[in-house]
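The values are calculated or read from the model by the stated rules, or taken from the named source; none is laboratory data. The structure displayed is predicted, hence computed values, not measured ones. Heads up, the Cβs are rebuilt from the backbone with ideal geometry, glycines too, and the neighbour counts pull from every protein chain shown. When the accessible area is computed, the model is the full protein with side chains, heavy atoms only, and any ligands, DNA or RNA have been set aside. Shrake-Rupley method; radii C 1.70, N 1.55, O 1.52, S 1.80 Å.
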Amino acid sequence: MLLIAFNFVREQRWPIFVLLLWVLLLAFLGLVADIPRMREDLLFLFKQVAVYVVAFSIFFGGSAIYNERKSRRILAVLSKAVRREQYLSGLVLGVTTACGIYCFALGLTGSWTLGAAGFPISRVWFLMVCLVAACMLAGTVALMFSTFLNPFLAAGATALMLGVPWIASQTVAARWAYVIPVSALTTTVLNSTFNVPGNTEWFPVCLAVLETAVFWVIAAKIFSRVDIAVAVE
Amino acid sequence: MTEMPAALEFDSVSKEYRSVFSRQCLRALDGFDLRVEAGEIFGFLGPNGAGKSTAIHIAMGFMRPTSGQGHMLGRPFGDAWTRRHVGFLAENVALYHRRVDRLLCFYGALNRMGGTRLGERAREVLQMVGLQDQAKRNAGKFSRGMLQRAGLAQALMNDPKLLILDEPTSALDPLARVMVRELIRSAREAGKTIFLSSHLLSEVELICDRVAVLHRGKLVRLGRTADLLQSTEQTEIVTRGVALQDFAGAVTHDGVVSITVPISTQRGVMQRVWELGGEIVSVNPVRRSLEQVFLEVTADSQPPQTDGRL
């Protein structure tokens with residue numbers, strides 16, 4: 001599982017590198033900007049850069065199996081003593097690690113720039129944990145859809161699945177956001193003001209981990225029944 | 001006494017590809033039965049679209065059969081633990097772009113290999129396939145032939161009991177083909193089973209103990225290679241002491257006259273040789289090439305069977 005996860009991260013090194021350029025941009029602003037004057041701009045940019053990673057987790061999760069099947073590299077991997085559910089676990093871990101690298105880099109940069117702007121930095125790391133949990137769940141949902149849909153449809157289905165609880169939370173009741181807590185976790189990041197001691201709510205994080213396991217089981221069930229070899233004849 | 005399990009066994013395996021939207025149905029395998037014994041080199045032949053790769057992919061667990069079942073090394077198809085003892089080389093090899101020695105270690109580790117043995121084995125198999133000087137090169141920069149050799153190396157990493165090779169020599173030069181042929185022979189001598197799918201009939205003819213020909217998803221010929229190559233219709237009578245012009249179509253070499261005749265007329269021709277004062281040196285069934293056998297059994301080559309609206 002770890003081998004597959006690290007292999008996934010290695011294969012995605014260029015998209016991860018591009019993602020890290022955003023973090024570099026934030027670091028650059030921290031170097032050149034008049035931080036005390038640009039506090040609110042920095043915070044806004046930090047939040048924006050932070051939530052992008054959730055979209056990228058959907059991209060990573062939704063395209064992982066498709067890319068491997070299309071390139072036929074999946075055949076050499078699954079011809080070894082690797083069960084399909086182990087393969088999926090490796091991909092989930094790989095997506096989470098890829099997003100985790102980004103969140104770690106962002107956490108470091110955010111701690112430095114936001115700390116210099118006078119924001120409490122302990123909050124930054126809690127928000128990064130929220131983001132990693134959101135990415136893990138969003139990536140797993142995308143991975144589940146990608147076991148039987150092409151990457152675009154999988155991304156669309158994932159957006160729909162994650163978006164419905166958010167719409168329900170806005171129109172029916174706030175607790176709907178916890179059905180699939182990706183929106184709850186990203187809202188936590190977006191609404192964080194840092195000015196007042198934040199409420200460190202771990203419930204959606206735990207729920208995201210639990211739901212990741214549930215979606216992984218569903219994905220494994222579906223994937224075990226899918227023909228992975230494209231007929232070449 | 002218990003029967004030794006087959007290395008590979010297909011039991012009435014059928015596979016249909018169905019299109020979700022157009023209700024098309026393509027039958028790639030149709031009640032396919034086959035038993036590959038342990039320790040043999042088995043040639044798996046068939047025209048394009050016959051279902052060879054489908055059968056291999058079902059055995060490897062990449063696909064599920066529509067009906068039927070099969071066993072590999074005594075365990076049902078798709079069993080991950082069994083694949084520890086299987087080496088597989090896919091047609092059109094695709095490997096990750098990284099240093100080939102590290103790549104082999106990665107594939108070996110997926111088969112639960114570890115420790116110092118992993119690196120040693122990677123060096124061994126690179127030597128076997130003649131890539132020892134390329135160990136530090138990125139597989140992404142390999143030519144197709146080198147990639148195929150690297151693919152063969154990854155299949156050999158776990159020292160498999162069963163080696164499934166789908167077109168292993170298609171991109172190789174003649175020297176590399178000889179090397180692969182010797183590799184396959186030495187694997188058999190080491191007690192391994194080799195299941196070889198190939199279009200290179202001369203290769204199959206040279207190394208395979210038994211051959212199966214698949215056509216339109218069905219097994220149309222199965223037997224020992226030597227038996228398949230023997231003609232049941234013609235015989236060659238080698239004689240001495242007769243004139244060449246006494247027999248139509250006779251040829252002479254090394255002082256003997258060879259006459260190829262239908263088996264039905266064999267007795268009469270021999271009688272005539274004796275009447276002319278000649279001597280029969282030998283009577284042999286005419287040996288055909290595997291290509292002739294292949295063309296004979298697949299003469300009505302058409303696309304695979306379909307039903308529904310195509």
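Numbers below:
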item: Ranked order, B:LYS161, A:LYS70 - accessible area, probe 1.4 Å, largest first; result: A:LYS70, B:LYS161
item: Karplus-derived 3J(HN,Hα), 6.51/-1.76/1.60, for each residue of region B:177-184, Hz, glycine and proline x; result: 5, 4, 4, 5, 4, 5, 4, 5
item: Neighbouring partner chain Cβ atoms per residue of A:65-77, average, 10 Å criterion; result: 4
item: Geometric extent, Cα atoms of region A:98-233 - Rg, Dmax (angstrom); result: 17.5, 64
item: Dipole of the protein assembly as shown, positive end: most advanced residue of A:ILE4, B:GLY241, B:GLN292 [Cβ charges, Cα centre]; result: A:ILE4
item: Whole-percent pair-distance distribution, where bins are 10 Å wide, for the alpha carbons of region B:8-227; result: 8, 33, 35, 19, 4, 0
item: Residue-wise HN-Hα coupling along region A:205-210, computed from phi with Karplus coefficients 6.51, -1.76, 1.60 (Hz; x: Gly, Pro); result: 5, 4, 5, 5, 5, 4
item: Dipole magnitude of region A:34-75, debye to nearest 20 (Cβ charges: Lys/Arg +1, Asp/Glu -1, about Cα centre); result: 380
item: In nm, spacing of pseudo-spin labels at B:LEU244 and A:PHE6 (7 Å Cα→C-beta vector); result: 7.3
item: Estimated vicinal HN-Hα couplings, Hz - region B:97-107 in sequence order (Karplus 6.51, -1.76, 1.60; Gly, Pro = x); result: 8, 7, 3, 5, 5, 5, 4, 5, 5, 4, 5
item: Within 10 Å of each Cβ in A:79-91, the average number of Cβ atoms from other chains; result: 5
item: Segment A:VAL226-A:PHE104, length gained on full extension (0.36 nm per residue, minus Cα span); result: 40.4 nm
item: Contact order normalised by residue count of chain B, Cα under 8 Å, 6+ apart, percent; result: 22
item: Solvent-accessible surface (1.4 angstrom probe) belonging to B:MET270, in square angstrom, nearest 10; result: 30
item: Inter-label distance for A:ASP34 and B:ASN48, nm, one decimal - labels placed 7 Å from Cα along Cα-to-Cβ; result: 7.1
item: Cβ-derived FRET efficiency at R0 35 Å, B:GLU37 paired with B:ARG137, nearest 0.05; result: 0.35
item: Accessible surface of A:ILE121 - all protein chains present, 1.4 Å probe, nearest 10 Å²; result: 80
item: Positive-end residue, region B:8-227 charge dipole about Cα centroid, Cβ charges, pick of B:SER197, B:HIS97, B:GLN154; result: B:HIS97
item: Residue (of A:LEU106, B:GLY223, A:TYR66) at the positive-pole extreme of the protein assembly as shown, dipole from beta-carbon charges; result: A:LEU106
item: Compactness index (Cα Rg / 2.2 N^0.38 Å), the protein assembly as shown; result: 1.31
item: Cysteines without a disulfide-compatible partner [chain A; Cβ-Cβ under 4.7 Å]; result: A:CYS103, A:CYS130, A:CYS206
item: Accessible area that becomes buried as A packs against B, both chains, 1.4 Å probe, Å², nearest 100; result: 2800
item: Sequence-separation-based contact order of chain A, relative, with Cα cut under 8 Å and 6+ spacing, percent; result: 27
item: A:THR187 accessible area, assembled protein chains, probe 1.4 Å, Å²; result: 50
item: FRET E, pair B:TYR17, B:HIS199, Förster distance 25 Å, beta-carbon r, rounded to 0.05; result: 0.70
item: Förster radius 51 Å - calculated FRET efficiency between A:LEU24 and B:TRP81, Cβ distance, rounded to 0.05; result: 0.65
item: At most 16 other Cβ within 10 Å, DSSP loop - GluC sites (Glu not before Pro), region B:2-72; result: B:GLU3, B:GLU37
item: Relative contact order (%) - region B:231-287, alpha-carbon pairs under 8 angstrom, separation at least six; result: 51
item: Other protein chain Cβ atoms within 10 Å, averaged over every residue that makes up B:110-121; result: 2
item: Those lysines that a straight Cα-Cα span of less than 19 Å connects to B:LYS161, excepting residues fewer than 8 apart in one chain; result: A:LYS80, B:LYS192
item: Test item: Cα-centred dipole of the protein assembly as shown, Lys/Arg +1 and Asp/Glu -1 on Cβ, debye; result: 1480
item: Spin-label pair B:HIS253/A:ALA213, simplified geometry with 7 Å Cα→Cβ offset, distance in nm; result: 7.5
item: Size of charge dipole - chain A - debye, nearest 20, with Cβ of Lys, Arg +1 and Asp, Glu -1, no other charges; result: 460
item: Fluctuation leader among A:ALA220, A:ALA116, A:ALA184 - chain A, Gaussian network, Cα springs under 10 angstrom; result: A:ALA116
